[in-house]
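The values are calculated or read from the model by the stated rules, or taken from the named source; none is laboratory data. A quick note: this is a predicted structure, and the numbers were derived from the prediction, not measured. In this analysis, Cβ positions are derived from the backbone assuming ideal geometry, glycine residues included, and neighbour counts consider all displayed protein chains.
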């Protein structure tokens, strides 16, 4: 087996810095997601579907997200393993649990009903969305693999030539949003914004972070 086809074994330099950025990115993403779940103004399409699934099974949000990712992960293994790496494992296995952890922290640290206040919900919208997008951009720019959810639009667009990646990504997000809505997931302003604008915004942020963090990084 040629292990070089897996991003897991590629280890682009500087590897330790990239691994640190990936871990911090997933952590920040989980932090932002926990805020978005708490203020109930919608979550990203993938998490929307996860919430819908969680409505029907006696499992935590983190476990449901892992199970959903494992389904899409099977297709990544089947069609293009080059997207698999440390970032794949970090996002797929830990993002939901990190979000659950911060949700638990909010329940301990904040008074009951805090997230039900209109002022608090709208004030926390920007930090939550910024954390979600910045974290996503950071873990992606590490170059250590993508989550199955993020990888499959690239794989599909590479095979369906008549559709651009932007179109595939938008349809992908809308499909998950629709499925999540049907199952009772949280659909709101955040879900719609992420479905239509997440791709370009994350790509822009990813480019900026890559230049700042890795352009002249030392060899580990």
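The table for this structure:
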{"read-out": "Test: residue in segment 136-148 that is surrounded by fewer than 21 Cβ atoms within 10 Å (Cβ to Cβ), in contact with a helix residue (DSSP H, G or I) (Cβ under 8 Å, 6 or more places away or on another chain), at negative phi and in contact (Cβ under 8 Å) with a residue 12 or more places away in the chain", "value": "no"}
{"read-out": "Verdict on residue 187 being modelled with pLDDT of 85 or more, in a helix (DSSP H, G or I), more than 16 Å from the chain's Cα centre (by Cα) and surrounded by fewer than 23 Cβ atoms within 10 Å (Cβ to Cβ)", "value": "no"}
{"read-out": "Residue within segment 45-59 that is within 29 Å of residue 15 (Cβ to Cβ) and part of a helix (DSSP H, G or I) present", "value": "yes"}
{"read-out": "Exclusive hit being closer than 30 Å to residue 159 by Cβ and at pLDDT 95 or above, set 64, 46", "value": "64"}
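Residue-by-condition table, conditions (1) more than 17 Å from the chain's Cα centre (by Cα); (2) part of a helix (DSSP H, G or I); (3) buried (at least 16 other Cβ atoms within 10 Å of the Cβ):
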residue	(1), (2), (3)
68	no, yes, yes
71	no, yes, no
74	yes, yes, no
78	yes, yes, no
82	yes, yes, yes
94	no, yes, yes
108	yes, yes, no
